[in-house]
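The values are calculated or read from the model by the stated rules, or taken from the named source; none is laboratory data. In this text the structure is predicted, and so the values were computed from the model without any measurement. No Cβ is skipped: glycine too gets one built from the backbone with ideal geometry, and neighbour counts run over all protein chains shown. Areas reflect the complete protein model, heavy atoms only, side chains present, ligands, DNA and RNA absent. Shrake-Rupley method; radii C 1.70, N 1.55, O 1.52, S 1.80 Å.
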Amino acid sequence: MNPIMKIILTFYFTLIVFLANNWISYAILWLLAIISIYFSGINIKTFFNGIKAILFIILITVIIQILFSVNGNVIFNYGPIKITNLGIKYGIFIFFRFTLIVIASTILTLSTKPLAIAYGIEKIMSPLNKLHFPVEVLSLMISIALRFVPTLIDEISSIIKAQKARGANFNNGNLIKRANAIASIFIPLFLVAMNHASDLGDAMVSRGYKSNVKRSQYHHYHINHIDWISCFTYLLFGVLIVFIRK
Amino acid sequence: MENHFDVKQLVQLAILAAVSYVLMLIAIPIIPVAPYMKLDLSDLPILIGTMMMGISAGITIATVKSLLYWITIGGASLPSLIGVFSSWAASIVLLLAVFFVLKSFKSHTRKLKWIMMIILATLALTIAMSLLNLYVVTPLYINMIGLKLSFSVPKLVAIAVIPFNIIKGIVIGIIFAIIYPQLSKIIK
């Protein structure tokens, strides 16, 4: 699918999630989410690994809602904690809403390369160019930063190993000692990063890079029939939600 | 932005943003009630970029880092946009405070300058983030997720946001005060 279409549909899905407010509308959204997961071709195991981290935050939000809700019939009362039937209902709705949004964005990030997402966001934000907001420069910087993330992670682990080999201790000591230990990692990391930057900068200057000319893309993305089918499906579900919500 | 920086500086800013992003991945929650507020060192490259190339450089690094985080970890979704925005705002407040304090304290003895920097940056960060959380971020988040709560936002700010930002300001300030004098010698 086209990354632009994927981003727009993910945003659209988030919007219709906010429209849902009863059991049937949430059931319909779950159906749409399951259909999307199925057709995205993502392995279910990878998918659950993707949402595991955020599931913890969702559960905490739900527990806060259930423990500190305002109205409804009280089922259980202990000190400041009042559990009401409405509280539990809202808790479940919040769980659905949050999880559905996370599922949609996980489908986007797991099925699309970060560079493709950056491309999509650049194209969606391109009207801002007229306001002299440098969308393309920002997108170029995101691409450069993305490319150097794995390199820098490697550098950090080798710097930590090198400092440990020299007898550095990162695990105990007071705040100042720990700050010094962090400095012994950060300063080499910073210098390595600046070396990468000057290499890449020289390479770009010597090839005559200019930021204010029209650039061509290495990857070309087209909108094909799959994009239109999914667009139509999402619109259909959106209309359904509007009619079913209370 | 093209007018502000040449190509080499743009690349430097992009790579500082990458360093900042990598440091943001190593984040630890420090306030038990609010596990979504995490302490990380991603402000250090932003502060160094600010001191090297000016305020607009710092803002650019913070923007690129936040967008990168939003695309990759936040899944480009609306609720994560709120969190990314508040961390972006915190970076901007911190870099402005540090920049102006360090520029205006030139004549004082060195130790006093750094201690003043840590105190004033922490104060600015705590005040700005408390107000932002009180009036914008937390109400927006509660409304977006649809929480119906019996405890109030000011209480959350008092028990979570204020201590978090005091700790964050002091920790980042001390590490920056140790790192920057050494780095500025090497850069020059």
message = Would you report the distance distribution of C-alpha pairs in region B:7-187 as whole percents per 10 angstrom bin, up to the bin with the largest distance?
response = 9, 37, 35, 15, 3, 0
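Mean separation of Cα pairs under 8 Å and 6+ residues apart, divided by the residue count of region B:7-187: what relative contact order is that in percent?
Details: 184 pairs, mean separation 36.6, N = 181.
Result for region B:7-187 is 20 percent.
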inquiry  = As I understand it, the value is the acute angle between the Cα axis of helix A:225-244 and the longest principal axis of the Cα atoms of chain A; what does it come to in degrees, rounded to 10?
reply    = 40 degrees
inquiry  = Under a Cβ-only charge scheme (Lys and Arg +1, Asp and Glu -1), can you give me the dipole magnitude of chain B about the Cα centre, in debye to the nearest 20?
reply    = 540 debye
R0 of 35 Å, Cβ-Cβ distance A:K161-B:I127: FRET efficiency to nearest 0.05 = 0.30
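List the trypsin sites (Lys or Arg not before Pro) in region A:140-223 that DSSP assigns to loop (not H, G, I, E or B) and whose Cβ has at most 13 other Cβ atoms within 10 Å. Which are they?
Values: sites: A:R147, A:K161, A:K164, A:R166, A:K177, A:R178, A:R207, A:K210, A:K214, A:R215; in loops: A:R166, A:R207, A:K210, A:K214, A:R215.
Sparse-neighbourhood loop trypsin sites (Lys or Arg not before Pro): A:R166, A:R207, A:K210, A:K214, A:R215.
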inquiry  = Using a Gaussian network model on chain B with a 10 Å cutoff between Cα atoms, which of B:I61, B:I142, B:I115 fluctuates the most?
reply    = B:I142
request  = Can you pull a Stokes-Einstein diffusion coefficient for chain A at 10 °C (1.306 mPa s), Rh from Kirkwood over Cα pairs, as a whole number of µm²/s?
outcome  = 70 µm²/s
remark   = Expressed as a whole number, the average count of other chain Cβ atoms within 10 Å around the Cβ atoms of A:200-210 is 3
message = Considering only protein heavy atoms and a probe of 1.4 Å, how much of the accessible area of region B:7-187 is carbon and sulfur, as a whole percent?
response = 73 percent
task = Find the sum over both chains of the accessible area lost when A and B are paired, probe 1.4 Å, and report it in Å² to the nearest 100.
result = 5300 Å²
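How much accessible area per residue does region A:85-233 have, in Å², with a 1.4 Å probe?
Normalised by residue count, the accessible surface of region A:85-233 is 57 Å².
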inquiry  = For the pair A:M125/A:L191, report the inter-label distance in nm, with labels modelled 7 Å from Cα in the Cβ direction.
reply    = 3.4 nm
query = Counting pairs of alpha carbon atoms under 8 Å apart in space and at least six apart in sequence, what relative contact order in percent does chain A give?
reply = 31 percent
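Which order do peptides A:22-34, B:159-171 fall in by mean Cβ count within 10 Å, highest first?
Details: A:22-34: 16.5, B:159-171: 19.7.
Those peptides, ordered most packed to least, come out B:159-171, A:22-34.
Suppose R0 equals 25 Å. What FRET efficiency, 1/(1 + (r/R0)^6) with r the Cβ-Cβ distance, do B:L78 and B:Y36 give to the nearest 0.05?
Numbers: r = 15 Å, r/R0 = 0.61.
So the FRET efficiency works out to roughly 0.95.
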key: region A:137-205, dipole about Cα centre (Lys/Arg Cβ +1, Asp/Glu Cβ -1), debye to the nearest 20   = 440 debye
query = Quick one: helix A:44-67 against the long Cα principal axis of chain A, what's the angle to the nearest 10°, folded into 0 to 90?
reply = 60 degrees
remark   = Volume per residue (Å³) of the convex hull spanned by the alpha carbons of the protein assembly as shown is 176 Å³
remark   = Spelling it out for B:K38: with amide H atoms placed in the peptide plane at 1.01 Å from N, the residues 5 or more places away or on another chain with amide H under 5 Å from its amide H are none
ask   = Other chains near A:29-40: what is the mean number of their Cβ atoms within 10 Å of each residue's Cβ?
value = 0
ask   = Counting only other chains, what is the mean number of Cβ atoms within 10 angstrom of the Cβ of each residue in peptide A:100-109?
value = 4
note = In degrees, nearest 10, the alpha-carbon axis of helix A:175-206 is tilted away from the dominant principal axis of the alpha carbons of chain A by 70 degrees
ask   = If you take the beta carbon distance between A:R215 and A:N85 as r and set R0 to 60 Å, what does 1/(1 + (r/R0)^6) give as a FRET efficiency, to the nearest 0.05?
value = 0.55
message = From the convex hull of the Cα coordinates of region B:58-98, what is the mean projected area in square nanometres?
response = 2.5 nm²
